[in-house]
């Protein structure tokens, strides 16, 4: 049986069971209810038999009996409500914890964290289930009371023995670097998760912005970071390893009030100078940005480069840009990781995705959740060719003959965005498989899921797993 892990709630609850949850950044004593649902996509032509085992935070034993079900061949299933109804897992009021999903076929999964009825200003966010962990995990973007933003992250033990975990923070306060802060060791039982809340950490100063390295002995771990602002929630997966040249499939800035920020963490022991090259897709002009990143620390790219004139960048101030980006120079050749935030403050919408390794990618990217006018939601799939050969790309959607494809081959480094709104069918809720046609091609992709109306944070972003 193959397994992957998912923090069902790295701070989330079962749907409509709003008890424990996210602390409001404006008033830390106020507890906000969160809920979770997830989508499983069967990547094989054989029915998948799945088992889902839940663990409360810090618990050494499973929460109730495992949930067992099936997912049809080349299809997907959505567990939007974890209330124990017909064909659905059941979790008690106030549950916060993690899950391990076992399957006899290859599957992919995403998790949506939402307010129980999207009634809160920060409606939710998404992240991808992981298939393996590491003894070192990096989180490139963390806050404590930073312009109204706070963060926490859950660390899950994905092994069979206990994990002893410490966290080391690096960052700045008011632009000045602080000394590294290391937590006391925490023991996490197999399968369970522990929450590290930066707002509740007395050793971290107010106005902290920075990164963290999670170190584990005894077992591999995985992590999910949650950013909570006054009106938005943004979530990303921690990194089990880095890349000397990470890539960013979607950069969307100065369009419809969206801006993008890239937080790049230097996970090495040597300072480095990093150049990010921005490649337009549907809109914009190519440009570059170069900044220094001290060892162990993180630096923000993109958000100022397209807004004001700063040293080391060649981007046009205020110009609309829709495309992709990649690290094209890294003076010390150290490993880097990055989280990419997309934010629209005028409509209170924000989402985050984790950058891809420049060595990653394959001919196939899968998207477990794709929508078209599903209770007003639709998706957009951003695909980037990170390989060395030009390739056309075709996306097939479950339960339908509808496809989307490039009109011409994508050059290396080029990107395309497929929008599903008004394209498949009203009420469509399914999955997609996007394939590069050229032999040896390597593509990566992300999905944006959005309800554009209203002033709630109904914007969810996740990385498409490669298959």
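Each reported figure results from applying straightforward, stated rules to the coordinates on display, with no laboratory input. Everything numeric here is computed off the predicted structure, so don't read it as measured data. Heads up, the Cβs are rebuilt from the backbone with ideal geometry, glycines too, and the neighbour counts pull from every protein chain shown.
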> Out of all the residues in the stretch 247-274, which are closer than 16 Å to residue 306 by Cβ and surrounded by fewer than 18 Cβ atoms within 10 Å (Cβ to Cβ)?
Replying inline: 255, 256, 257
> Within the stretch 315-344, can you find the residues that are part of a loop (DSSP other than H, G, I, E, B), within 24 Å of residue 417 (Cβ to Cβ) and touching a strand residue (DSSP E or B) at 6+ places or on another chain (Cβ under 8 Å)?
Replying inline: 315, 316, 320
> Under the condition of being free of Cβ contacts under 8 Å to residues at least 60 places away in the same chain and within 20 Å of residue 205 (Cα to Cα), which residue from the stretch 148-167 is nearest to the chain's Cα centre (by Cα)?
Replying inline: 167
>> Give me the strands (runs of 3 or more DSSP E) completely within the stretch 402-467, filtered to those with at least 3 residues that are in contact with a strand residue (DSSP E or B) (Cβ under 6 Å, 6 or more places away or on another chain) and within 22 Å of residue 79 (Cα to Cα), ordered by residue number.
In response: 428-436, 443-450, 459-464
